[in-house]
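What follows is a single structure, written as structure tokens, with notes after it.
Each value in this text was obtained by applying a stated rule to the coordinates, not by laboratory testing. Predicted, not measured: the structure shown is a model, and the values here were computed from it. Cβ atoms come from the backbone with ideal geometry, glycine included; neighbour counts cover every protein chain shown.
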Amino acid sequence: MSKTMRNLIIVLVVVVAGGFLGYKYWKSRQGAVPKGIAYGNGRIEAKLSDASAKEPLRVKEILVDEGDLVRPGQVLVRLDTITLAEARAQVAASQEQVAAAQAAIVRQKSEIELAKIEAERSRKLVEERAGSQREYDVRKTNLETTTAGLAEDEARLQTALQQVQVAKANVEAIQSRINDATLTSPVLGRVLYRLAEPGEVLGPGGKALTLVNLQDVYMEIFLPAAQAAALKIGAEARLTVDFEPDRSAVGYVSFVSPEAQFTPKQVETRSEREKLMFRVKIQVPRDLVSHYIERIKTGIRGVGYVKVDSAAAWPEWLQRDVLRPYVPGLQTSTPAESTATTR
């Protein structure tokens, strides 16, 4: 190989190496985090909610599968329970007894009035010596017996009224059990686990489904004491995910732990886990979650960035293609985004 060719190769290698190192430097500068902004690794998380039975019942029907998006109030599971037919029949029977007792009272009052008239007539005939004492005694005894019968019918009416109230309370209790046997979604979320199948019996508190509550989506990162102490609740934040690092979403700091702890194994390296850190929760605004509800997946790893210094400016690569809550006529609606959007 000639000397000229060897020099050419050396120059070419130097140029390629220089270009590569320059590119690496440029990329490192692109990803550099400015002073006043802290960051940490984390993953997208959400709270869990269960659809559970209040009493031991057999699963009659499950209307959703794992991965389905569910909305508040949507029927998820129906459990097999008693019906209201017998209880409603008991109410109707009690109401008939009330009607019968009321009719008996009306009849008894009419008989009392008649007995009074006949007793008075017999008394006058006895005074005028036109009637017998025996007839008067019979009429008087009939009046007393009829009056006593009225008190008995009135007592029977009160018993019937109480039976109606008991029957209605029984209907309400059964209706409550029927309502409890229809499991509905308490949140806007996605079915994470289907834990039962039709025909299985659930015990009290037995879980049929586990839901991911997409109304409460967040990422937890861990920061050292100095950064955590300077961080304020409501501070601006950004989230990125590993599969799409060039795109970020707005967030805000909703919680800073008052106690130090070791960072979880899945977040940092072993050397980092040996340090005591403070847990920081970055909340994703609810209206942003609602707008991208079909795309949100929990468990995805990423990086969370927070403003330790409110005067710090986001780097250019965290301002490109930012996912923000959409409000007509407004730029954003997060607690700490008002200053960022007016820049």
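Can you tally the net charge around Val308? Count Lys and Arg as +1, Asp and Glu as -1, for every other residue whose Cβ sits under 10 Å from the Cβ of Val308.
+2
For the pair Ala155 and Ala89, what calculated FRET efficiency results from E = 1/(1 + (r/R0)^6), where r is the Cβ-Cβ distance and R0 = 22 Å, to the nearest 0.05?
0.35
For the pair Val138 and Gln175, how long in nm is the line joining their label points, each one 7 Å along Cα→Cβ?
With each label placed 7 Å out from Cα toward Cβ, I get 5.5 nm.
Starting from the 7 Å offset along Cα-to-Cβ, what nm value, one decimal, do you get for the label separation of Glu197 and Glu45?
Those two pseudo-labels are separated by 3.3 nm.
At 7 Å along the Cα-to-beta-carbon direction for both Ser257 and His291, put a label point, then send me their distance in nm to one decimal.
3.2 nm
Tell me, in nm to one decimal, what length is gained between Asp80 and Glu244 on full extension, where the rule is 0.36 nm per residue of separation less the Cα-Cα distance?
Additional length available on full extension: 54.4 nm.
Rounded to the nearest 0.05, what FRET efficiency do Lys124 and Glu96 give with R0 = 35 Å and r taken as the Cβ-Cβ distance? Could you check?
The pair Lys124/Glu96 has a calculated efficiency of 0.25.
Say a paramagnetic label sat at a point 7 Å from the Cα of Lys109, along Cα to Cβ; which residues of the range 129-161 have their backbone N under 13 Å from it?
Backbone N within reach: 150-151, 154.
Please give the contour-minus-distance gain from Gln319 to Leu63: 0.36 nm per residue of separation, less the Cα-Cα distance, rounded to one decimal in nm.
Residue separation times 0.36 nm, minus the Cα-Cα distance, leaves 87.9 nm.
Using the Cα centre of the range 208-247 as the reference point, and only Cβ charges (+1 on K/R, -1 on D/E), how large is the resulting charge dipole? Debye, rounded to the nearest 20.
Approximately 160 debye in magnitude.
For the range 171-248, what does the alpha-carbon gyration tensor say about shape, rounded, prolate or oblate, given a ≥ b ≥ c as the root eigenvalues, a/c under 1.5 as rounded, and a/b over b/c as prolate? Display every interim value, and only then the final one.
Values: a/c = 3.31, a/b = 2.42, b/c = 1.37.
It comes out prolate by the Cα gyration axes.
Given the pairs Lys60/Lys168; Lys54/Lys297; Lys109/Lys140, which are separated by over 18 angstrom at their Cα positions? Could you put the intermediate results ahead of the total?
On the way: Lys60/Lys168 27 Å; Lys54/Lys297 30 Å; Lys109/Lys140 16 Å.
Where the Cα-Cα span goes over 18 Å, the pairs concerned are Lys60/Lys168; Lys54/Lys297.
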